[in-house]
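Below: one structure, written as structure tokens.
The values are calculated or read from the model by the stated rules, or taken from the named source; none is laboratory data. Note that this is a predicted model, so its numbers are computed, not measured. Cβ: placed from backbone, ideal geometry, glycine included. Neighbour counts: every protein chain shown. Note: accessible area is taken over every heavy atom of the protein model, side chains too, but ligands, DNA and RNA are not part of it. Shrake-Rupley method; radii C 1.70, N 1.55, O 1.52, S 1.80 Å.
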Amino acid sequence: MSDNDEHGRSALNGAVDGTIVAVRRMFYVLGDEVDRSEGPIEFTFHNGATLLLDSGVDGSELRIRSAPWRDPFEPLVDPVNIEYVAESGKYTAFDVTDEEPYRAFTGRRVDAVSVVPLPDGRPRAATLYLGEALVKAETIADEVIVTLVPA
């Protein structure tokens, strides 16, 4: 199954019946400041599968992937990148599995998924339904906004 297959819908559909065992969020970090208001979300399932919901390069599409998030700046050795990160910051992965409200989703099974498409059919938003709980990720103006509704 290819991540690009049907704009990532195969990766999203592959999450159905998976039980969440870990959650990572990518938050923007600049110096000591961590902006936790937006950013990609990644789920790891009981069978080792991964689901990443991230902003596409055009800022409108929600990228749906079955591969873990990779920090494009790692390893941070290029002097140009070191200067850029020091001045502008970068996204950094955080394991939030045991943090509220993410902890409420650990151990839950994905019952169903849905997609809200852009006019051209690419996904703008995706929702995972976990019993009475849900997780929605949507791209708004180049940012991934995640809405968590614990049961």
Quick one: with all protein chains in place, what share of the accessible area of the chain is carbon or sulfur, to the nearest percent (1.4 Å probe)? 52
Angle, helix 79-88 long axis vs. longest principal axis of the chain, Cα atoms, 0 to 90°, nearest 10? 70
The stretch 108-151 and the stretch 30-53: distance between their alpha carbon centers, rounded to Å: 14
Taking R0 as 41 Å, what FRET efficiency do you get between Glu83 and Glu132 from their Cβ-Cβ distance, rounded to the nearest 0.05? 0.30
For the chain, dividing by residue count, accessible area per residue (probe 1.4 Å) in Å² works out to 52
Per-pair calculated FRET efficiency, R0 = 22 Å: Ile140 and Asp111 via Cβ, rounded to 0.05: 0.30
Once you order the gyration tensor axes a ≥ b ≥ c over the Cα atoms, which shape class does the chain get: rounded for a/c under 1.5, otherwise prolate or oblate by comparing a/b with b/c? prolate
Exposed-loop cut sites defined as GluC sites (Glu not before Pro) in DSSP loop states with at most 14 other Cβ within 10 angstrom; longest site-free run of the chain spans 1-98
Could you calculate the contour length gain from Glu74 to Asp95, that is, 0.36 nm times the residue separation minus the distance between their Cα atoms, to one decimal place in nm? 5.8 nm
